[in-house]
Amino acid sequence: MAPSQLNSTDSCGNGDASFSCSQTTNGFNDSLSLFHSEKAVQELLQQTPIQGTDDHLIEFSEALRTVAKALRRAAEGKATAQTEAAEWKRRYELERQRNQHLRRKEHSHEECNDDFDEKRTVNSTNQPLPSNTNKQSENCLTNGICSHEILQDGETNLDSEMFQNRMMRKASFKLSWCCKGEISDQHKHDVVSFERGNITTAERSSKQISLKWESNPQTVLIMTKPNSTSVRILCADMVRWLKEHKRLNIYVEPRVRGELLTESSYFNFVQTWEDDKEISLLHNKVDLVITLGGDGTVLWAASMFKGAVPPVVPFSLGSLGFMTPFYSEHYRDSLDSILRGPISITLRHRLQCHVIRDAATNEVETEEPILVLNEVTIDRGISSFLTNLECYCDNSFVTCVQGDGLILSTTSGSTAYSLAAGGSMVHPQVPGILFTPICPHSLSFRPLILPEHVTIRVQVPFNSRSSAWVSFDGKDRKKLTPGDALVCSMAPWPVPTACQVDSTNDFLHSIHEGLHWNLRKTQSFDGPRDQ
């Protein structure tokens, strides 16, 4: 503590050992008390004459000097700890202000886009929009779950293909609760909010959610697993069937479009994108996402959407398939049923994460947030030292992780890395964040399941022997040096995946088939019996 801070207490008292000024605004009362105690000891040593022949007084004076040194060290340690706490509080407030700024920026951007779309629609038709649009918006705000028709893309082009794309509308749909196969309106307004074809969540519920199309889907996005001959053949057959029998507009990745055109020029109608800007606008055009692959393909499809995600239909062409309940052999029947609706969906929540560097001085210098569907992993990398991670939940200190690392997982990712590290398997619609240590050097360190509304902060302390590494769904690996922190919270944009039967049936089927959960021979009936 600086001397100027210590001397500032003269305005409260006489600067002696009196502690009447206990209401210090900066919270340094304990440090000042220790300082005054040390000062009293020094005055006692100066006032007491010590004769060299008196051994008892010499021992007593040495003991007092030892006490004075201990008090000084305690005061310095207290001041250092308070300084560090103030610094972390400053960084936390900085991050909180940054999040608020981003939310306000996104909200203002959406309002500007809405106004621009409305003006373009009025100008293109020379007629005002129907008045029932405003009434429909009011009903949505009142009931919580409803549907909107998506405004047309306003790009003006004389080319026939571009004109067709301009006239495309996103399919509107309606979400409702289902209970044992029956549609129920109970509690329909307290979980899911629906606006302009995008799904966002406020509160959650364990009830099954049903999606019903109010207008027919017109555009689908097909994403495939690379380097697979069987997937390539299935993709070509599915694209042909969707175009000829369902008259749908089809988007694919640039790689897939090149493969289709190499096979035949017939697939020239397939659309794709050229840059990241077009990818950011996909959710305004695509009604349905079809994935051909395993769970990794679903993760890749989810990472394409930084905000709202269209409903995803995952077909199983991988190994385990915890998130891919549909079989590719029956894709025509499955897609016909899904396009007709209604269907059961599972809202798979995502984590929103970003890294705060120690050198950051304002919110602009913090890194862009990353959305993950499975888990965030913090490990020691190639270092031979244990990780040293300080963990906070909102404003509360949780623990210090000393081991190989830490996993922050969603409930959808509970059957992935978290399960291998000893975490529990959790139903994907249970709202929560899994806190799972990796090989902790402690016998009492058990995994936790935290509520969804908390914000978790993991930081590498300055006294850590080595740096740490963080990866997001197994990708985008980043280094965390001492002083850096990782902040994670639940993202407001879930990934809605279609169910074969319902979310519970699909989840239990996946752990039975994928993990052979609790598979055991039945005990013989002809053994010993109770008398």
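The values are calculated or read from the model by the stated rules, or taken from the named source; none is laboratory data. No experiment lies behind these values; they were computed from the predicted model shown. Here Cβ is always computed from backbone atoms with ideal geometry, including for glycine, and neighbour counts include all displayed protein chains. Surface accessibility is based on the protein's heavy atoms, side chains included, excluding ligands, DNA and RNA. Shrake-Rupley method; radii C 1.70, N 1.55, O 1.52, S 1.80 Å.
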Q. So which of L261, L320, L299 is in a helix (DSSP H, G or I) and closer than 18 Å to S412 by Cβ?
A. L299
Q. Looking at L519, is it more than 27 Å from the chain's Cα centre (by Cα) and open to solvent by 30 Å² or more (accessible area, probe 1.4 Å)?
A. yes
Q | Residues satisfying the stated conditions in the stretch 239-258, i.e. touching a residue at least 40 places away in the same chain (Cβ under 8 Å), in a helix (DSSP H, G or I) and within 27 Å of I199 (Cα to Cα) | A | L242, K246
Q | Answer from A491, A498, A468 - the residue that is at negative phi, touching a residue at least 60 places away in the same chain (Cβ under 8 Å) and in contact with a helix residue (DSSP H, G or I) (Cβ under 9 Å, 6 or more places away or on another chain) | A | A498
Q.
Pull out all pairs, ordered by first then second residue, where Cβ-Cβ is under 6 Å, the residues are six or more apart or on different chains, the first lies in the stretch 69-87 and is more than 30 Å from R357 (Cβ to Cβ) and of a type in the set (A, V, I, L, M), and the second is open to solvent by less than 80 Å² (accessible area, probe 1.4 Å) and in a helix (DSSP H, G or I).
A. L71/L34; L71/S37; L71/E38; A74/L34; A75/S31; A75/L34; A75/F35
Q | Residues of the stretch 317-334 satisfying the condition of being polar (S, T, N, Q) and farther than 17 Å from N374 by Cβ | A | S328, S334
Q.
Regarding the stretch 443-455, can at least one residue be identified that is part of a loop (DSSP other than H, G, I, E, B), without any contact (Cβ under 8 Å) to a residue 24 or more places away in the chain, open to solvent by less than 80 Å² (accessible area, probe 1.4 Å) and not β-branched (V, I, T)?
A. yes
Q) Does D295 count as within 19 Å of P217 (Cβ to Cβ), surrounded by 24 or more Cβ atoms within 10 Å (Cβ to Cβ) and of a type in the set (D, E, K, R)? A) no
Q: From L480, L486, L408, grab the single residue that is under 20 Å from R357 (Cα atoms), within 15 Å of the chain's Cα centre (by Cα), surrounded by 22 or more Cβ atoms within 10 Å (Cβ to Cβ) and modelled with pLDDT under 95.
A: L486
Q: Look at the stretch 92-101 and say how many of its residues are farther than 13 Å from T455 by Cβ and surrounded by 15 or more Cβ atoms within 10 Å (Cβ to Cβ).
A: 1
(Q) Out of everything in the stretch 265-284 that is modelled with pLDDT of 90 or more and assigned to a loop (DSSP other than H, G, I, E, B), what residue ends up being surrounded by the most Cβ atoms within 10 Å (Cβ to Cβ)? (A) W273
Q | Check on L434, aliphatic (A, V, I, L, M), modelled with pLDDT of 95 or more and under 21 Å from the mean Cα position of the chain (by Cα) | A | yes
Q. Of the residues T324, T346, T377, which is β-branched (V, I, T), open to solvent by less than 30 Å² (accessible area, probe 1.4 Å) and closer than 25 Å to K174 by Cβ?
A. T346
